[in-house]
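The values are calculated or read from the model by the stated rules, or taken from the named source; none is laboratory data. Quick caveat, the model's predicted, so the values are computed rather than measured. Here the Cβ positions follow ideal geometry from the backbone for every residue, glycine too, while neighbour counts run over all protein chains shown.
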Amino acid sequence: MPTSAKKPLVIVTRKLPDVVETRMRELFDARLNVDDKALSQAQLIEAMKVAEVLVPTVTDRIDRAVLAQAGPQLKLIANFGTGVDNIDLDTARNRGIIVTNTPGVLTEDTADMTMALILAVPRRLTEGAAALRSPRSTWAGWSPTWMLGSRIYGKRLGIIGMGRIGHAVARRARAFGLQIHYHNRRRLPEAIEQEVEATYWDSIDQMISRMDIVSVNCPHTPATYHLLSARRLKLLKPTAYIVNTARGEVIDENELARLIEAGAIAGAGLDVFEHEPAVNPKLLASDRVVALPHMGSATIEGRIDMGEKVIINIKTFLDGHTPPDRVHPAMF
Ligand code: 8YV
């Protein structure tokens, strides 16, 4: 019998970097998505009926209805991504399906992108670049009062969610002279607070009403859905900026768009949106918004590292051990 017959069927829902796919082909009976066309819910269900391991991404909604149709052979969902809000973790657990993710390897890339947005919005980076590029550009040279933004150095940055990425953002922001404030479910050990000279706020309301820039770095869970609700967004100073590289669902996007349009919030740097790939048109129309297409972790190195993590999780599981990045519903 050829050895490949014994290999477990691993279905990968999106195209992954070549080296990752090559390794997967070597190790598993890997069914890959070379065209990178996102699966419909019906195709996802078909995959779950036959796969022993499913490797989904943020674009696959693995909800209760989909999980209900999974075949009994499906034992592992090895998510290609850190956020697992695309998966109904409780239902997966109740069906005896283990879920893993890829924490750690996209921390620095996502923190870099967060910092890029923290710099880009107050300093009007994309507006300036667009003004030069426009075919109608009338830039006649330097002017003392043109394209004035607001200073970053010395301002207060409030980080919501001081996990790995939030902490990595704090380290970068400190180097840019920002004062670090944070809210987290649990206060961090004093040594970590001291390292980035961070001030802890138990109350999100009190923190955000005093910040110049608010950065969202928490996962999307039932508890953080619309954490920045319409009520809370109104607490922000009219000179404040919001940056979000976590998940769009954490912010009430319609209200954010409305407040920016009304001049009640100074601007926003957004890498994620509530109803991706749709984006509130008011956000796209605003000069005071820098909008990116969910590319916080989009480096070749990061995506290969994520793939390697997925492979390690699958291999460890198939070898009969607990995969290193197993997630439990209680963690979120
Ligand atoms: C990933 C992310 O690219 O890992 C995450 O949680 O948000 C992204 O950076 C995406 O989720 C891949 O599934």
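Regarding segment 106-116, can at least one residue be identified that is away from the ligand (no atom under 16 Å from the Cβ), on the phi < 0 side of the Ramachandran plot and either without any contact (Cβ under 8 Å) to a residue 24 or more places away in the chain or outside the structural domain of L16 (by TED's automatic domain parsing) (or both)?
The initial filter retains those residues of segment 106-116 that are away from the ligand (no atom under 16 Å from the Cβ), namely none.
So far as segment 106-116 goes, no, none of its residues is away from the ligand (no atom under 16 Å from the Cβ), on the phi < 0 side of the Ramachandran plot and either without any contact (Cβ under 8 Å) to a residue 24 or more places away in the chain or outside the structural domain of L16 (by TED's automatic domain parsing) (or both).
Which pairs do you get when a residue that is touching a residue at least 60 places away in the same chain (Cβ under 8 Å) and closer than 16 Å to P323 by Cβ, found in segment 297-313, comes within reach of a residue that is of a type in the set (A, V, I, L, M, F, W, C) and in a helix (DSSP H, G or I), reach meaning Cβ atoms under 6 angstrom, with the pair 6+ apart or on two chains?
G307/V20
Suppose we filter segment 201-231 for residues that are among the polar types (S, T, N, Q) and within 16 Å of the ligand (Cβ to nearest atom); how many remain?
As a first pass, look at segment 201-231 and keep what is among the polar types (S, T, N, Q): 203, 206, 209, 215, 217, 221, 224, 229.
Cutting the leftovers down to within 16 Å of the ligand (Cβ to nearest atom) gives us 215, 217, 221, 224.
So the answer is 4.
For segment 286-303, check the following and say yes or no: at least one residue is over 22 Å from M115 (Cα atoms), at pLDDT 95 or above and out of contact with any Phe, Trp or Tyr (no Cβ under 9 Å at 6 or more places or on another chain). Step through it out loud before you land on a result.
Filtering segment 286-303 down to residues over 22 Å from M115 (Cα atoms) leaves none.
The answer is no; no qualifying residue exists.
Please pick out the residue among I260, I180, I208, I204 that is closer than 22 Å to D109 by Cα, more than 15 Å from the chain's Cα centre (by Cα) and among the β-branched types (V, I, T).
Within the list I260, I180, I208, I204, the selection yields I180.
Take the residues in segment 235-292 that are of a type in the set (S, T, N, Q) and outside any helix (DSSP H, G or I), then tell me which one is nearest to A129 (Cα to Cα).
Applying the first criterion (of a type in the set (S, T, N, Q)) to segment 235-292 yields 239, 244-245, 254, 280, 286.
Narrowing further to those that are outside any helix (DSSP H, G or I): 239, 244-245, 280, 286.
Details: T239: 22, N244: 22, T245: 22, N280: 23, S286: 15 Å.
Residue satisfying both the conditions and the ranking: S286.
Taking segment 193-231, which residues are surrounded by fewer than 19 Cβ atoms within 10 Å (Cβ to Cβ) and not in a loop (DSSP other than H, G, I, E, B)?
Within segment 193-231, E193, Q194, E195, T199, Y200, I204, D205, Q206, A230, R231 meet the criteria.
Within segment 19-70, count every residue that is within 12 Å of N86 (Cβ to Cβ) and touching a Phe, Trp or Tyr at 6+ places or on another chain (Cβ under 8 Å).
Total satisfying the criteria: 2.
Please give the strands (runs of 3 or more DSSP E) falling wholly within segment 1-64 in which 1 or more residues are of a type in the set (G, A, S). Spell out how you get there, then give the answer.
On the way: elements: 9-12, 29-31, 53-55.
So the answer is 29-31.
Could you grab me the full set of residues in segment 234-246 that are polar (S, T, N, Q) and over 20 Å from the mean Cα position of the chain (by Cα)?
Residues of segment 234-246 polar (S, T, N, Q): 239, 244-245.
Hit for segment 234-246 is T239, nothing else.
Could you list all residues from segment 295-306 that are within 11 Å of the ligand (Cβ to nearest atom) and more than 26 Å from V243 (Cβ to Cβ)?
Within segment 295-306, no residue meets the criteria.
Inside segment 232-259, can you point out the residues that are more than 16 Å from the ligand (Cβ to nearest atom), crowded, with 23+ Cβ neighbours inside 10 Å and under 27 Å from G154 (Cβ atoms)?
Answer for segment 232-259, where residues must be more than 16 Å from the ligand (Cβ to nearest atom), crowded, with 23+ Cβ neighbours inside 10 Å and under 27 Å from G154 (Cβ atoms): L236, A240, Y241, I242, L256.
Every residue, every condition in (1) assigned by TED's automatic domain parsing to the domain that holds W201; (2) at pLDDT 95 or above; (3) within 14 Å of the chain's Cα centre (by Cα); (4) polar (S, T, N, Q), yes or no:
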residue	(1), (2), (3), (4)
V216	yes, yes, yes, no
P219	yes, yes, yes, no
R232	yes, yes, no, no
G248	yes, yes, yes, no
N254	yes, yes, no, yes
E274	yes, yes, yes, no
G307	no, yes, no, no
H321	no, yes, no, no
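Residues of segment 77-93 being within 16 Å of the ligand (Cβ to nearest atom), over 19 Å from A246 (Cβ atoms) and in contact (Cβ under 8 Å) with a residue 60 or more places away in the chain, which ones?
Selection gives A78 alone.
Looking only at segment 48-96, which residues are among the basic types (K, R) and within 26 Å of L106 (Cα to Cα)?
Filtering segment 48-96 for residues among the basic types (K, R) gives 49, 61, 64, 75, 93, 95.
Passing the criteria: R61, K75, R93.
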